[in-house]
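Heads up, the thing below is written out as structure tokens.
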Amino acid sequence: MRSRYSAYCHKDINYVYQTYHSSVLPNNTIQEIEAFANSVHFVRLDVISTEQSVDEGYVTFELIYIQDNFLCGFMERSRFVFDKGWYYVDGVLKDSTPNKISRNDLCPCNSGKKFKQCIIHVPSGSGIS
Ligand SMILES: [Zn+2]
């Protein structure tokens with residue numbers, strides 16, 4: 001799970017794509033994953049709990065990211081199956097309301113800069129559905 005998150009951060013789209021279980025691949029094209037990764041800036045991932053059996057695992061995490069001028073976050077309980085390696089199958093989402101970031105606020109990415117001065121965040125694109 002953490003490896004998928006860092007792959008997103010480093011825009012290692014192929015890794016993200018390859019760790020989807022084959023049964024869900026048709027729902028997520030490489031282009032969609034790439035568009036999402038390019039349109040957001042990840043701030044934080046907190047793993048809240050993990051459960052694992054021999055062939056199935058669950059990871060509950062909270063993800064915080066910046067998209068356009070909003071600080072967004074969601075909690076997800078992801079399901080993984082073991083099939084010669086762990087693969088992501090699906091997850092139950094608990095969305096939270098995005099908060100608009102004011103241009104003069106300190107940037108939530110902890111750069112220490114004001115949001116309007118933080119050059120990391122270039123708004124573009126849209127998320128995956
Ligand atoms: Zn920033």
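Taking (1) within 16 Å of the ligand (Cβ to nearest atom); (2) modelled with pLDDT under 90; (3) touching a helix residue (DSSP H, G or I) at 6+ places or on another chain (Cβ under 6 Å); (4) not charged (D, E, K, R) in turn, GLY125 satisfies each apart from (1). The residues listed here are VAL59, VAL16, VAL54; of these, the one that is in a strand (DSSP E or B) and farther than 18 Å from PRO108 by Cα is VAL59. Scanning region 77-122 for residues that are outside any loop (DSSP other than H, G, I, E, B), surrounded by fewer than 17 Cβ atoms within 10 Å (Cβ to Cβ), away from the ligand (no atom under 16 Å from the Cβ) and over 17 Å from the mean Cα position of the chain (by Cα) turns up VAL81, PHE82. Here ALA7 fits the description: closer than 30 Å to GLY112 by Cα, without any contact (Cβ under 8 Å) to a residue 24 or more places away in the chain and not polar (S, T, N, Q).
The values are calculated or read from the model by the stated rules, or taken from the named source; none is laboratory data. Quick caveat, the model's predicted, so the values are computed rather than measured. When we count neighbours, we look across all protein chains shown, and the Cβ atoms used for this are built from the backbone with ideal geometry, even at glycine.
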